[in-house]
Structure formats: C-alpha cells, structure tokens
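The values are calculated or read from the model by the stated rules, or taken from the named source; none is laboratory data. It should be emphasised that the depicted structure is a prediction, and the values quoted were computed from it without experimental measurement. In this analysis, Cβ positions are derived from the backbone assuming ideal geometry, glycine residues included, and neighbour counts consider all displayed protein chains.
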Amino acid sequence: MPNVISADGTIRQDNWTVVARPEDGESLDLPNEPCLIPVDLWLAGHEHFAGRNDIGVWFDSHQEPEDLGERANELPVVAVNFPKFSDGRGYSIARLLRERYGYRNELRAIGDVLLDQLQFMKRCGFDAYALRPDKDATKGQDCLNFFSQSYQAATDTDLPLFRRRAS
Amino acid sequence: MYVYDEHDRQLAHERVAQFRDQTRRALNGELEEDEFLPLRLQNGLYVQRLAPMLRICVPYGMMRSEQLRRLARITRDYDKGYAHFTTRTNIQLNWPRLEDVPDILAELADVEMHANQTSGNCIRNTTTDPFSGVQDDEVADPRPYCEIIRQWSTFHPEFAFLPRKFKVAVNASEQTDRAAIQVHDIGLQMVRNEAGDLGFRVHVGGGLGRTPMVGPVIREFLPELDLLTYLEAILRVYNRYGRRDNKFKARIKILVKALTPEGFAEKVEAEWAHIKDSPTRLTPEAVAHFQQYFTEPAYEALENASDQLAEQRFANRDFDQWVSHNVDQHKKPGYAIVTLSLKKTGVPPGDVSDRQLEQIADLADEYSFGEARATHEQNVVLADVRQDRLFELWEKLRPLGFATANLNTLTDVICCPGGDYCALANAKSIPVAEAIQRRFDDLDYLYDLGKIDLNISGCMNACGHHHVGNIGVLGVDKKGEEFYQISLGGDSHHNATIGKILGPSFAREAMPDVIARLIDVYVEKRTEEETFLDTYQRIGMDPFKERVYA
C-alpha cells in the first residue's frame, strides 16, 4: 500500500486502489476493496455506481473536469493522475473541480507524485498525495511548507498578496 | 523602481532555502537528474558546455546601483569576473559551480534579486521598453503592470509545468515598440479606449524559435483591472490544451494556429467569463500601490541645454555622432536618455566585466538617480541624465568602452552566446558578430547606412532574435560543420515581420563578404530617405539573391 500524505503533512496508509483502464473488449474488474475507476467509466455506468462510498474516480491528465462537473460531490474520492510529474494539466483539473464545481471531498494526486511539487498541488486543492513509493514521505511536511505565503489567489486562498497589502 | 516589502523579502529568502535543500538532495542522489532538471531550470540554472550557466533575473530590465555592485562582486567571487546581458534583459554567469549556486542566490536575495523562472517551462521574466517612464509618447508607465505580472507569475501553483516556456512583454509607446511584443507568447500593448479608459490590446501566440510567428490580436481592449484574470484564462487554456507530445510544437503559437486566433479567443473568453470577478481581479488600490514605486525621481526644473549642446557638438564631431546615435529625447526639459553601447568591436555583444558593472553603478549614481536599465538589444540605459552633463558623461564613457556611437547601426548586433558557451547551439555566433564588426569599422560608412538591425542566433531557439533582424543570421550544423543561413526583412517593431530566408547557407569565413554584398545592393538601390528595410520591402529579395549567389 502506498503512503498517502495529507495536506497537513501526516502520513497514512489506506486501501484505496487505482483500477487501471481495461483494455478494449475487457470488462472493468472491481476489487473487493475501495477503488478508484476511470472517470469516464463511472459516468458511463452512473446508475450502477451511484451512492457507493467505496468507489471513487480518477482523471487522467487529458480528461475534462467539465464532464463530471458538480456530480463530483457524489464521490468520496476523486484522484488526478500525473503520468509524468512535469505534466502540469492536473493542476488545472484540480482547481476547476474545487473552484468551479465546488467539489468538497478528498482530492488525491496519483501517479508520478514527487516531493517538490506538493506545495503547488496543495495550493491547487489537492488534499491527499500518493507519493511515489521510492520517495521519502517523512519529507512531505517540509515540502508542503517551503513557502509561508503566496503572491496569488488559488484554491487555498482568496487573498492574493495585493489584496492583503491593501487591507 | 520597485522595492521589496517584508512579504517579498520573506518569499525571496524562503526560495533560497528551498533551492538550497533541492541542490543538497540532488548532490546526494535523493533527487534524480531528470527530477532536479526542471527545479534547477526554474532557478535559472543550466548545465552547459563548459560549466553550469546561471541566468539571473532583471525584472523588466530595471537595476539599482547597489544591485550592479553586488552582481560585480558575485562575478568576482563565484565566477571569472564577467557577465553577459541577454536578450530577455537578464544577466548570465557562465562559470559558477553548482554547489555555490544557493550561496549566490542568497547574495542576490540580499539586494532584492533572484533567478526565479529565468528558464524552464513556466512564465519567464516579463520585459518592457527600456525607455518606460521617461518618454513622452507612452500611454502610461508600463512598469507597475510588469511588476504586477511578475508577482502574479512568481511560483504560480497552476502554471509551473506548462507545455513549454512562456514569455510576456508589455509596450506602452504609441509610436515605437522597443519590447518586440508581437513576437512574444503574450504581447500587451497599452492603449486607451474611446472613453479614455486604460487597458491593453492583447496579442497571443507570437514567437521566434523553430516556427516564427507574429502574434495575432485576440482582444482589442482589455480593461486594466482585468489584466491578471485574463492572463490566467489564457494560461489555463494553454496549460490544458497546448501540445505536450512534441517539444517543437508545444509553444502557445502552435495552439493558437491550430484553433485559429478566433477559436483560441473564444476558448479564452469562455474561461475568463468564469473567473473575471474572482479575487485575482485587480483593484484600483492595488494598481495605485504598484504605481507609487514608479514615480518620477527628483528632477530639477531645467531648461533644455540646446545652445550649450549645439556648441559642444559643433566643436567635437565624435561627441556629435554619439549624441545623434546614443542619446534620446527625454520627456522632461533639460534631461536626456543615454544608452551605453555594449557592442564595442572585439568584445562579445552584451558582455561586461566585474569592473565595468561597478563603473555602470558609479555612473548611475552620479548621473541617473542610481538606476540603470538593461535593454533587449543587450545595451544599458541611463534614463535620466542632465543635458548639461552629457559631454562630461561622454568623456567618462569613452575610456570605459561604453561610448561606441553605433546604436541601431549594423554593428549594434544582437547576438546570443552561441557555440562558444551554449550547449544548445549548432554554431558559434560571437566570432561572426566580431568579423562583421571588424569589416564595418568605419563609423561614417555605418552612419551613412543608417538604421539596420543585424541579429545573430547560434541555433533555431533564436535567443539572438534572428527572425526579426532586418538581416538575420542563423547558425546551422551541416554534417558537423558550422554554416550560417541568412534571412532578410525581419522587423521587431510595431509592424512586426518575420524575415524570409535568402537561400543556401554560407561558411563562417564568407560571412563578412556576404553581408557586405547585401549592403552594396542596398546602397545602390536605395532612394534618399530609405532605410535598409524600406529598400528591401520595395525591391524584394531577388536583387539581393542575385548579388550574393552570383
């Protein structure tokens, strides 16, 4: 089980499993534990999955948060995959889910999740980070808090520095 | 100019601590090379041909004398005693040691400088006109808006991993564009609408590099307070939809072209509709806060020193030429804008020694309220010099090598570091610039030729802006040998144009002759008032081609 870092830097292990996209012609095979399935499959089988608190979804970086929209809040966990840490699309997906669609439950970063991007992720609304297993989760807390304040507004604050200065 | 408050200082010091930690982890193997790469690039650190190269940010070109002195000290203590001014008005050190970089950054932070986002796939240093605030035809001083953009883009959490690098430029003059905004990812032209309100005309998708393009207008008027929300909308569309599968097609210009400017504008407007009233929207108080840093210095009430200058110019022909070429009109009577040329033949364009940096600092203190400005043409401006002290200043500049009266002439070459320093380059560029400068060493002939932009890049990344040179030179590699391709007709100003390729490339030794033949065609064909560019536009490529390939 991977280490999952929370927004406050604490480390936990949980049993949410990421279910890969089935090959063409294969069916979706759900494990007997809480799992995250591709968001488009959840949408396609909505009547089947609705209301289950052990099924969440994951977005790949090219997928559109608009497709899920405000239905996000039906889900206990939404994850966003970083296929490579340098693929920055996940940051926009996260902000849109939080700021435009009002998603309130857990937003988890999965995939190539490294330490030096954690604070950016946190600022964009992620509150759980499935750190890549070869990285040292105990450094998460420091890396989440390199900066004590920020210039811009983002998911974490409505007060860009120019508004704080003016007040 | 902008002065850090406690927030800026805190962020700057936290950034140094962060990079120190990252460097330590990279050196002890906790960070793999490909993981450290974007982190060090976002701190301006390249690993180059001879040593690491550190690109230090000079936000929109503004420098105080204490900063110049600190830069001089850094080049002495950590490098080989010289630095290079780049075409993005930044400063590069060519020989720092990787393990020293955190200390260099700490020294920079002490004088309110940094190397944030001077490289990498993120929002880079915003540039503007080096004559901002001192020319009389600007719509408003663009620098407060540049600083607003700098702060918004610094460590922006959503846009640190864009498909590719991203450059913004702002211009405020109605008649000239000294910031080349139409060849930037975003070019902002300050304008007033019919009601007299201040705003921006927004160009998106210009750029040089492999696929040079002039950026189309996607919005004719953006009210000033909407600046950041609109930028955020553009960046979000780009971050989500810009190509990531092919590095050479990843710039925003490719996306704008694929969607068409109208299609791209629609996507931006749709995104903007959601966020235009978000907390990122500027307030009048915020704009006023930034404007207070860019007020006028303590000018004295002076008359123009016309008679005195006329006498001095009449008596000294060299001074006269220098005033004609290196001095520009100032908005205040009795003052002038002076450009120090860093294009003395034999010195790589844009290079300065530690001692010269200190001399510039001393001159800035003595003659220009302690400030100096870097230009994208790799020169340095003293923006507020008293006219009655121009002669005295000129006499001091001459022995220092800053008084070469060649601005905007053929030998005021824009030139990247090229294959002598840069790992990306296909060919050297500095020796080509020097050979051409030596060939055209007769100032009278240069003045007769008038305004010609000669821009040289050592590879198609186009740091030397060759596409927008009236004459552009691009170094190419052919089976391991260096050749040079020429383009004609480029223009970086209000009528921005990408030059057209003349034909097959030339060996380095041939370059001075080739340039001379191009110039001959111009001299023979021009009418009295025509610049090189005018003549080219009138007679076209063929006469040049015939002469060069005859």
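So here's what we get for this one:
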| quantity | calculated |
| --- | --- |
| Number of positions in the stretch B:1-25 that are more than 9 Å from every other protein chain (Cβ to nearest Cβ), part of a helix (DSSP H, G or I) and surrounded by fewer than 19 Cβ atoms within 10 Å (Cβ to Cβ) | 5 |
| Selection status of residue B:55, part of a helix (DSSP H, G or I), of a type in the set (Lys, Arg) and more than 14 Å from chain A (Cβ to nearest Cβ) | no |
| Any hit, the stretch B:29-47, residues being in contact (Cβ under 8 Å) with a residue 40 or more places away in the chain, in a loop (DSSP other than H, G, I, E, B) and away from every other protein chain (no Cβ under 14 Å) | yes |
| Residues satisfying the stated conditions in the stretch B:161-175, i.e. buried (at least 24 other Cβ atoms within 10 Å of the Cβ) and either within 20 Å of residue B:328 (Cα to Cα) or within 14 Å of chain A (Cβ to nearest Cβ) (or both) | B:162, B:163, B:166, B:171, B:172 |
| Matching strands (runs of 3 or more DSSP E) fully within the stretch B:88-199 where at least 1 residues are outside the structural domain of residue B:422 (by TED's automatic domain parsing) and of a type in the set (D, E, K, R) | B:186-192 |
| Top-ranked residue of the stretch A:116-150 - restricted to ones that are assigned to a loop (DSSP other than H, G, I, E, B) and among the hydrophobic types (A, V, I, L, M, F, W, C), ranked as farthest from the other protein chains (Cβ to nearest Cβ) | A:131 |
| Residue check for residue B:464: buried (at least 16 other Cβ atoms within 10 Å of the Cβ), closer than 26 Å to residue B:208 by Cα and touching a helix residue (DSSP H, G or I) at 6+ places or on another chain (Cβ under 7 Å) | no |
| Residue match in the stretch B:523-538 (condition: without any contact (Cβ under 8 Å) to a residue 60 or more places away in the chain and under 17 Å from the mean Cα position of the chain (by Cα)) | no |
| Filter result for the condition that a residue is more than 21 Å from residue B:168 (Cβ to Cβ), assigned by TED's automatic domain parsing to the domain that holds residue B:184 and of a type in the set (A, V, I, L, M, F, W, C), over B:250, B:270, B:265 | B:270 |
| Neighbours by Cβ (under 8 Å, 6+ apart or cross-chain): first from the stretch B:330-350, in contact (Cβ under 8 Å) with a residue 40 or more places away in the chain; second buried (at least 18 other Cβ atoms within 10 Å of the Cβ) and basic (Lys, Arg) | B:334/B:386; B:335/B:386; B:336/B:386; B:349/B:343 |
| Strands (runs of 3 or more DSSP E) completely within the stretch A:1-115 that count 3 or more residues being at pLDDT 95 or above | A:3-6, A:35-38, A:55-59, A:77-82, A:106-111 |
| Hits in the stretch B:298-313 - residues which are of a type outside the set (S, T, N, Q) and either touching a strand residue (DSSP E or B) at 6+ places or on another chain (Cβ under 6 Å) or closer than 16 Å to residue B:388 by Cβ (or both) | B:299, B:300, B:301, B:302, B:303, B:305, B:307, B:309, B:310, B:311, B:313 |
| All positions within the stretch B:74-129 that are over 24 Å from residue B:430 (Cα atoms), among the charged types (D, E, K, R) and either in contact with an Asp or Glu (Cβ under 7 Å, 6 or more places away or on another chain) or touching a residue at least 60 places away in the same chain (Cβ under 8 Å) (or both) | B:99, B:112 |
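Condition check ((1) part of a strand (DSSP E or B); (2) acidic (Asp, Glu); (3) surrounded by 15 or more Cβ atoms within 10 Å (Cβ to Cβ); (4) in contact with a Phe, Trp or Tyr (Cβ under 8 Å, 6 or more places away or on another chain)) across all residues:
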{"residue": "B:486", "(1), (2), (3), (4)": "yes, no, yes, yes"}
{"residue": "B:504", "(1), (2), (3), (4)": "no, no, no, yes"}
{"residue": "B:528", "(1), (2), (3), (4)": "no, yes, no, no"}
{"residue": "B:536", "(1), (2), (3), (4)": "no, no, yes, yes"}
{"residue": "B:546", "(1), (2), (3), (4)": "no, yes, no, no"}
